[in-house]
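Trainee: Can you read through this structure? Questions will come right after.
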Amino acid sequence: MPLYEHVMIARQDLSNSQAEGLIEHFGAVLSDNGGKLVDNEYWGVKTMAYKINKNRKGHYAFLRSDAPASAVQEMERLMRLHDDVMRVLTIKVDEHAEGPSVQMQKRDERDNRRERR
């Protein structure tokens, strides 16, 4: 099955447990349609570059899935209809990266750039 990565932004006035409940809910939607949620990360509340629906901040979540296209389409459809979800981004990838995403890594671990002169 194809591999996908999803980033979801939920409203800022939700609690952390409600935002993590959304991740579980949409993971269940995937599994009901023949896919599976490989990994998920809750990135927390972050400030956005611009307002979305009068919100400056949002709960960010990252999902990795292994699912058929029909399951992903159904999950995206339900995400777009859900009142608490503001934005969704889904991309198809060749393989999932091992370990935590760049957002979850410490700055020292990901800062392997050369020094400027």
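Trainee: Looking at SER31, SER65 in this structure, which one is modelled with pLDDT of 90 or more, loosely packed, with under 15 Cβ neighbours inside 10 Å and either in a loop (DSSP other than H, G, I, E, B) or not acidic (Asp, Glu) (or both)?
Mentor: Answer to the selection: SER31.
Trainee: Pull out all pairs, ordered by first then second residue, where Cβ-Cβ is under 9 Å, the residues are six or more apart or on different chains, the first lies in the range 94-107 and is more than 20 Å from MET8 (Cβ to Cβ) and at pLDDT 75 or above, and the second is of a type in the set (A, V, I, L, M) and surrounded by 10 or more Cβ atoms within 10 Å (Cβ to Cβ).
Mentor: ASP94/LEU3; GLU95/LEU3
Trainee: Next question, about the same structure. Pairs under 6 Å by beta carbon, first residue of a type in the set (A, V, I, L, M) in the range 15-27, partner crowded, with 18+ Cβ neighbours inside 10 Å and outside any helix (DSSP H, G or I), six or more apart or different chains?
Mentor: ALA19/ALA10; ALA19/HIS59; LEU22/ALA10; ILE23/ALA61
Trainee: Another question, if that's okay. Condition check: farther than 20 Å from LYS92 by Cα, part of a strand (DSSP E or B) and not β-branched (Val, Ile, Thr). Does TYR50 satisfy that?
Mentor: When the stated conditions are applied, TYR50 passes them.
Trainee: Does the range 55-66 include one or more residues that are of a type outside the set (Lys, Arg), in contact (Cβ under 8 Å) with a residue 60 or more places away in the chain and touching a helix residue (DSSP H, G or I) at 6+ places or on another chain (Cβ under 8 Å)? Steps first, please.
Mentor: So in the range 55-66, the residues of a type outside the set (Lys, Arg) come out as 55, 58-63, 65-66.
Still in the running and in contact (Cβ under 8 Å) with a residue 60 or more places away in the chain: 65-66.
From what is left, the residues that are touching a helix residue (DSSP H, G or I) at 6+ places or on another chain (Cβ under 8 Å) are 65.
Yes, the range 55-66 contains at least one residue that is of a type outside the set (Lys, Arg), in contact (Cβ under 8 Å) with a residue 60 or more places away in the chain and touching a helix residue (DSSP H, G or I) at 6+ places or on another chain (Cβ under 8 Å).
Trainee: Oh, and also: Taking ARG77 as the residue in question, decide whether it is of a type in the set (D, E, K, R), free of Cβ contacts under 8 Å to residues at least 40 places away in the same chain and either over 18 Å from SER17 (Cα atoms) or surrounded by 11 or more Cβ atoms within 10 Å (Cβ to Cβ) (or both).
Mentor: yes
Trainee: Now for a separate question. Quick check on my filter: what residues within the range 80-103 are in a strand (DSSP E or B), charged (D, E, K, R) and surrounded by 13 or more Cβ atoms within 10 Å (Cβ to Cβ)?
Mentor: Step one: filter the range 80-103 for residues in a strand (DSSP E or B), giving 85-93.
The next check asks that each one be charged (D, E, K, R); those that pass are 87, 92.
Within the range 80-103, ARG87 is the sole residue that qualifies.
The values are calculated or read from the model by the stated rules, or taken from the named source; none is laboratory data. The model shown is predicted, which means the values in this text are computed figures rather than measured ones. A quick note on method: Cβ atoms are made from the backbone with ideal geometry, for glycine too, and the neighbour counts reach across all protein chains shown.
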